[in-house]
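Taken together, the values in this text are just the output of simple stated rules run on the coordinates, not laboratory data. Fair warning: this is a prediction, and the values are worked out from it, not measured in the lab. Every residue, glycine among them, receives a Cβ derived from its backbone with ideal geometry; neighbour counts consider all protein chains shown.
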Amino acid sequence: MISIYIDYKLQRFQSQIRYAFEYALSALGYNYLFVERLEQVSENDVLIMYGYTEPTGEELQAIARKYITIFIQSEPDLFDETAYTAAKLKSNLRKVNLLSPTLVISARSFDYPAVNYTEDGLKAGRITFDLVANIFFRLAMQEEALNSAGNENYVLADSQSVFRDNMESPAVDNLLWLLDSMIVEYVRSSGTYTSKKLKWPKGEKAAVCLTHSVDTLQKWSLSSLLLGIADDVALFFTFRWGRLWHEMKGKLKYLFTNYELYWNFEEYRSLEREAKVKSSWFFASEACEDIDYSLDDADLLEEIQNLDKEKCEIGLLATADKLNRDDFLSRKQVLIHLLHKTNIGIRQLRYKTNAKILELHSKLSPAYGQSHAPDETPGFKYGFGLPWMPWVAKAQSGFWEIPIVLRDRYLMVNYHKELPLDDAKRMVKKIFQQCIKSGSVMGIDMSVAAWTDISYMEKLYPYILEMIGTADTWITSPGKIAEWWQKRAAVTVDESLYEVSVSFADDMESFTLQLIGDVRIKEILDGNQPELKYEKATAKDNIISFEDVKAGDVVVMRIDREGQGNGKAFG
């Protein structure tokens, strides 16, 4: 159990602080409790003290001789969007080496991201910058607020962000890694134990979701063919013969057969069937300036129905032409009615998202959101590699946002030039390895048009499918990830001296729990029938795997404590 004590002097920012702590500890999988008095902390707990000022040596000794203690000093200005400017943000950036180099914000200077208190008998450490406020700053998209100058339609481009050169690694996940490393080391060195829920159902190393944005279905019309002559001339005189031939073949095919080159549903699905995976598709529900199709098209309706029959997930591709709740809701309801669903996910067209649009998304109560991705290169928008509930209108929203880290847009150098295939493969492999390293979500969006626009997509997409299929990953949909993250959060774990009790609020196909510290599992019992063993769980090396769990199941694990450790703590 993790106990969190928040200094009463930080009462003004209580909601923001709790929001950041809840995200961090839920993502890491720890059972936690906010306490108002130290008397509420159990001797076996890890105590995280979040204070306005650092405690004195005497105060710390009195606490840390009794509890494992991690102290974090607050920097309240990071919770207040009026207290920072873009210039102040830039001047307070500091690079720290965590799981990978990470930019953090701190007005205080420091040499190391974390230190140990070395006095005899103390079980304590300190994080030297405000990790909690740094997580909140990114969760709440505070940098956008600093740059918007009150313009509610402002969208922060990656090129304008101070974090633009640090997006290739998940900065927030790195901050979680630091906190997790300290908890694990202190628990192991103190001879106690704790438990944590692993991120993915069977303890996989990462989750993967394959998605396709249907943002255009018409590559050519007579007018666009005429306008495209200038582009063809430019390709000719810049010696880009391969690209020119690719474009000319498409134009000739369209002129003589009227075949629509962007109608690439089956091209993707045939490869996915062969790989035994399913993808998710995002459709707009009506035509507008940015969308060249509507759901009145009988052929398109047939495609959508076929995808639905194959159990591919279908979500709403939202556009910014009518930024009001009624129009957003109406467009969502069109797809819900068509699919006979109770709810669907939402993605903003081209990932052009800001606080105003997120607030509209929140008002729709979608099954999930998937509207955040870097602009030009693979990586982690705002530093997130795991699902999170956005901070909307000064409160936590009610839906999970699932990150996208790879888009077909990143394969294009410019309008006329694409990356060479070998470079594209290296780029894909690099971001996949980063997701494996951090245990995060590999969200992929290959638009329906990309099959035509990227000349080698028929070679690259099979490469992606093989890469994710041969690794220890959970290949699923964004909706399933959101559903899993919600169910995982609802699992209750209670720890006592010689027992661990796990209570399930939902049916779950799989769930994995890890015990950390000097313990050994003796037996696993059915908490509803204590005289019987629980047959749906197996344990190996303190990793407990659950299968086919039902809502209401209670599992009791009896443990042996193997003695008191005295190893060296994190530093």
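Per residue, the chain reaches -10500 deg cm²/dmol at 222 nm when only DSSP H runs of four or more residues are counted, each adding -39500 (n - 2.57).
A full extension of the chain between residue 522 and residue 58 corresponds to an added length of 163.0 nm, given 0.36 nm per residue minus the alpha carbon distance.
Considering only alpha-carbon pairs that sit under 8 angstrom and 6 or more positions apart, the relative contact order computed for the range 2-194 is 22 percent. Counting 0.36 nm for each residue step from residue 561 to residue 336 and taking away their Cα separation leaves a gain of 75.7 nm. log₁₀ I(q)/I(0) of the range 390-435 at q = 0.24, 0.27, 0.33 Å⁻¹, via Debye over equal Cα point scatterers, no solvent, to two decimals? These q points yield log10 I(q)/I(0) values of -0.85, -0.99, -1.18.
Peptides 382-388, 139-145, 326-332, 484-490 ranked from most to least packed by the mean count of surrounding Cβ atoms within 10 Å: 382-388, 139-145, 484-490, 326-332. Under a model in which nothing but the beta-carbon of Lys, Arg (+1) and Asp, Glu (-1) is charged, the chain shows a dipole of about 800 debye around its Cα centre. The Rg/Rh ratio for the range 496-560, using Cα coordinates for both the radius of gyration and the Kirkwood hydrodynamic radius, is 0.93.
Quote the relative contact order of the range 496-560 in percent (integer), defining contacts as alpha-carbon pairs under 8 Å separated by 6+ residues.
Relative contact order, the range 496-560: 52 percent.
For the pair residue 38 and residue 9 in one chain, pulling the backbone fully straight at 0.36 nm per residue adds 8.8 nm over the alpha carbon distance. Restricted to Cα atoms, the range 268-422 shows a radius of gyration and a Dmax of 16.3, 46 angstrom.
Kindly flag which residue pairs out of 381/430; 205/430; 311/536; 341/363; 90/394 have an alpha-carbon separation exceeding 26 Å in this structure. Distance filter (> 26 Å) returns 311/536. Where in the range 278-311 does the amide nitrogen come within less than 16 Å of the point 7 Å from the Cα of residue 483, taken along Cα to Cβ? Of the residues in the range 278-311, 278-281, 308-311 have backbone N under 16 Å from the label point off residue 483. Along the charge dipole of the range 2-194, pointing to its positive end and built from +1/-1 on Cβ of Lys, Arg, Asp and Glu, which listed residue (176, 15, 128) has its Cα farthest out? The one lying farthest along the dipole's positive direction is 128.
Spread over its residues, the convex hull of the C-alpha atoms of the chain is 167 Å³ per residue. Close amide H contacts of residue 388 (hydrogens built in the peptide plane, cut-off under 5 Å, sequence separation of 5 or more or a different chain): 401. Normalised by 2.2 N^0.38 Å, with N the number of residues, the alpha-carbon radius of gyration of the range 1-121 equals 1.14. For the range 105-213, trypsin sites (Lys or Arg not before Pro) meeting the loop criterion (DSSP other than H, G, I, E, B) and having at most 13 other Cβ atoms within 10 Å: 108. For the range 449-454, 3J(HN,Hα) computed residue by residue from phi via the Karplus equation (6.51, -1.76, 1.60; θ = phi - 60°) reads 6, 5, 4, 8, 6, 9 Hz, glycine and proline entered as x.
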